[in-house]
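Each remark here refers to the structure printed beneath this line.
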């Protein structure tokens with residue numbers, strides 16, 4: 001369904017066309033569409049408005065919420081809830097999804113063919129759109145079209161009549177905005193109030209594209225900025241789309257006022273005075289999640305005033321687990337300013353308990369200035385008790401500080417009497433039988449005398 005405007009020398013008049021069958025649609029001369037197939041997955045939200053009885057196309061629309069379609073007022077006023085069906089798909093003659101509707105609403109200030117403004121209509125679906133289809137939001141007032149957008153390119157999509165005199169396939173084309181008319185009066189004698197116009201000498205919307213979208217990018221995000229309203233009868237001169245942002249509040253009321261904030265468009269979509277990530281609706285939105293703290297780069301990544309392992313986010317990070325002090329490597333492993341046995345972590349470590357004195361190796365093992373049996377640690381040991389010096393073993397057996405021949409106990413030991421050497425014979429108690437005593441002593445003296453000489 002399409003409004004047609006015939007241009008005259010002095011004035012122009014509106015010529016309406018409300019075809020109910022393919023034959024009627026095909027009766028118009030010289031349609032100039034020259035669009036291309038709209039294969040953009042995002043444009044699955046562009047739908048066809050069908051007459052339920054004949055499945056004839058009469059308008060195009062756009063899914064702007066899970067259960068709401070935006071179209072033109074002159075599309076919805078000509079049908080009823082019982083007759084209207086909404087088709088999701090690329091070609092109305094092929095497979096797709098068709099849904100019934102429960103509510104139709106034309107803008108209350110739409111005045112029919114006698115008025116060329118407020119040409120907006122809303123449709124509520126009987127059930128939500130297929131889950132794989134994402135609604136395309138309508139342009140909010142805060143991002144509204146103005147004279148500054150003249151020259152900006154908008155993209156049209158619709159199932160309308162083509163240059164081949166056929167219809168029903170979703171096509172797309174692009175045109176720059178020529179004139180923006182904010183209202184309350186019409187502009188340049190051809191663009192109605194609260195609408196924008198475009199020249200379409202080589203391409204543009206035609207019959208059946210009425211109610212379809214004019215898409216505009218804002219900040220890289222696609223919005224329904226216009227709804228196709230009317231144009232010249234042959235689709236060769238001009239076209240006009242109703243400016244959606246001028247009616248954003250009315251649309252929101254029908255939807256139920258957008259209850260969920262769009263978290264990355266800089267707009268207070270749900271009008272709660274909180275924008276994007278400031279809105280509690282966006283707490284779980286990926287766009288609003290702070291970066292995770294990197295626990296080993298020295299930066300406050302999540303900007304919470306805590307860096308790396310000092311940040312509670314890093315409590316479970318392996319790199320932030322408490323490091324055990326190695327008590328014998330000379331390094332402050334846990335970086336607490338104390339190394340090895342100076343660190344309280346090592347209080348129970350055997351290395352730090354104080355080394356026990358080994359009482360027969362000639363070393364000050366516990367480094368307390370006393371060695372072996374002179375160390376109080378060794379006083380209770382049997383071999384450290386006072387006793388007879390053994391004069392040829394290199395040890396201070398009686399713990400008097402003198403070993404072997406240096407000890408006066410060995411003064412009468414033969415090996416010590418002749419040269420003062422600490423080597424040689426061991427002076428030990430004789431335990432041979434009494435009858436052999438003198439003989440054994442004589443032999444020992446002869447043996448030692450030979451060694452010395």
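Only the coordinates and a few stated rules stand behind these numbers; no lab work does. The shown structure was predicted, so the numbers you read here are calculated from the model rather than taken from an experiment. Note: ideal-geometry Cβ built from the backbone for every residue, glycine included; neighbour counts use all protein chains shown.
Between residue 142 and residue 336, the contour length at 0.36 nm per residue exceeds the Cα-Cα span by 64.2 nm. For the peptides 228-239, 292-303, 244-255, the ranking by packing is 228-239, 244-255, 292-303, with the highest mean count of neighbouring Cβ atoms within 10 Å listed first. Peptides 47-54, 97-104, ordered by how many other C-beta atoms sit within 10 Å of their residues on average, highest first, read 47-54, 97-104.
In this structure, residue 310 and residue 287 have a Cβ-Cβ separation that, at R0 = 35 Å, corresponds to a calculated FRET efficiency of about 0.80.
Between the stretch 72-86 and the stretch 261-304, the C-alpha centres lie 41 angstrom from each other.
Between residue 100 and residue 152, the contour length at 0.36 nm per residue exceeds the Cα-Cα span by 15.1 nm.
Put the Cα centre of the stretch 121-137 next to the Cα centre of the stretch 176-226 and the gap is 23 Å. As a rough guide to protection, the peptides 142-151, 68-77, 168-177 ranked by mean Cβ packing within 10 Å, highest first, stand as 68-77, 168-177, 142-151.
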